[in-house]
1. So what is the calculated 222 nm ellipticity per residue for the chain, using -39500 (n - 2.57) for each DSSP H run with n of 4 or more, over all residues, to the nearest 500 deg cm²/dmol?
2. With a Förster radius of 56 Å, plug the Cβ-Cβ distance of D298 and E95 into 1/(1 + (r/R0)^6) and report the FRET value to the nearest 0.05.
3. Note the full-extension length gain between S283 and R141 as 0.36 nm times their separation in residues minus their Cα-Cα distance, in nm to one decimal.
4. Round to the nearest 0.05 the FRET efficiency obtained for R212 and N82 when R0 = 56 Å and r is the Cβ-Cβ distance.
5. Above 31 angstrom, tally the Cα pairs of the chain and express them as a % of all pairs, no decimals.
6. Relative to the present Cα-Cα distance, how much length would full extension add between E134 and S73 at 0.36 nm per residue of separation?
7. Given the whole protein assembly as supplied and a 1.4 Å probe, what does the accessible area of R36 come to in Å², nearest 10?
8. Over all Cα pairs of the range 228-278, how is the pair count split among 10 Å bins, expressed in % and running from 0 up to the last occupied bin?
Amino acid sequence: MTCYLILNMWAGEWERQWAGLWQAYINICSCCQSVRVIVFSGLSHELGFVQGLKVDGALILEDAFYNPENLLSEIEKNSNRNAVYIFGYGDYSHEMAVRLAFRLGGDSLTAVNRFWFEGGCILAARNVYSNNMEGTFCVKRFPFCVSLVRSTEKTAPGISGPIPDVRRKNISDNSGYVMEYSEEPVGTDCSLEDARILIALGRGVRTKEDYRKAEELARMLGAGIVASRPLVMQGIAPLERLVGASGIIAHPRLCIAAGVSGAAAFYVGIEKSGYIIAINTDSDAFIMSRADVAVERDYREVFGALRKYLIEEEMPDDFADGGKI
């Protein structure tokens, strides 16, 4: 078996990263016939920090920008099925361990405390159940890609001989990738928490086009619009519109809940509404029993009729801003 120690110098604290990699290798060296080092760097680094074990070779991959796709592609080209790929700690390392395992058809485990070789099997231990327990896992599929927890050691001890095969490769082909971006907050017409009228959408809204039409109706009503977690996770609604226990807790005078089942995590976000109208094809949906008015219809039919009414009839000026609902 070959052991690859992958040091990502873009991730910071590389001395501590290396100390963790070194200790991880010592724990399983009895089952490894070869050990190689891969360094992902933006600068020309020497390998004097490869301390404490005899390595069979090292590959330094240099990139002008941090682009994990380049690193993963390079490793995949020269992958070894009977291998263990050990990354350091932190989000960068966790991400790359999982992505590499998926590409190579192997297993992955992140934030590992320690692992060792016992009874012909590699065992790995990591914290589980919100760090209240430690679980032990047996590796059954290779290649095995693992990332570590932060090492308590800051450096690794003394060198054990020269490195026979050191290669450098520039992998700075970043064409086709977004290397720089900026973020701007998405403005809303009103504060969603304080909106007087709110349209709350659930999984009954199946497409972005349906969501866009609901937005049009919300503008006509002068209402805010929020969505359940399934819509946000599917990319139909933006994250800043998430309503419920982990999102917006609103208290509108009127809430129109469309295509919503009424799960507890969602309902907590609208339960302070002065008046709730629920629209759902399922009369047994929880939201129907909690609403002041329950309409057992496809919400698209109701929204269409309401849109037509708003176009044909003139709305009171104070309907959405202090008027009587």
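The values are calculated or read from the model by the stated rules, or taken from the named source; none is laboratory data. Owing to the predicted nature of the structure, the values given are computational and were not obtained by experimental measurement. Don't worry about glycine lacking a Cβ; one is built from the backbone with ideal geometry, like all the others, and counts go over all protein chains shown. We work out accessible area using only protein heavy atoms, side chains counted, and drop any ligands, DNA or RNA first. Shrake-Rupley method; radii C 1.70, N 1.55, O 1.52, S 1.80 Å.
1. Mean residue ellipticity, 222 nm, calculated: -7500 deg cm²/dmol.
2. 0.85
3. 46.4 nm
4. Efficiency, rounded to the nearest 0.05: 0.60.
5. Summing the P(r) of the chain above 31 Å gives 52 percent of all pairs.
6. Taking 0.36 nm per residue and subtracting the Cα distance, the gain is 18.7 nm.
7. 70
8. With a bin width of 10 Å, the distribution comes to 28, 59, 13.
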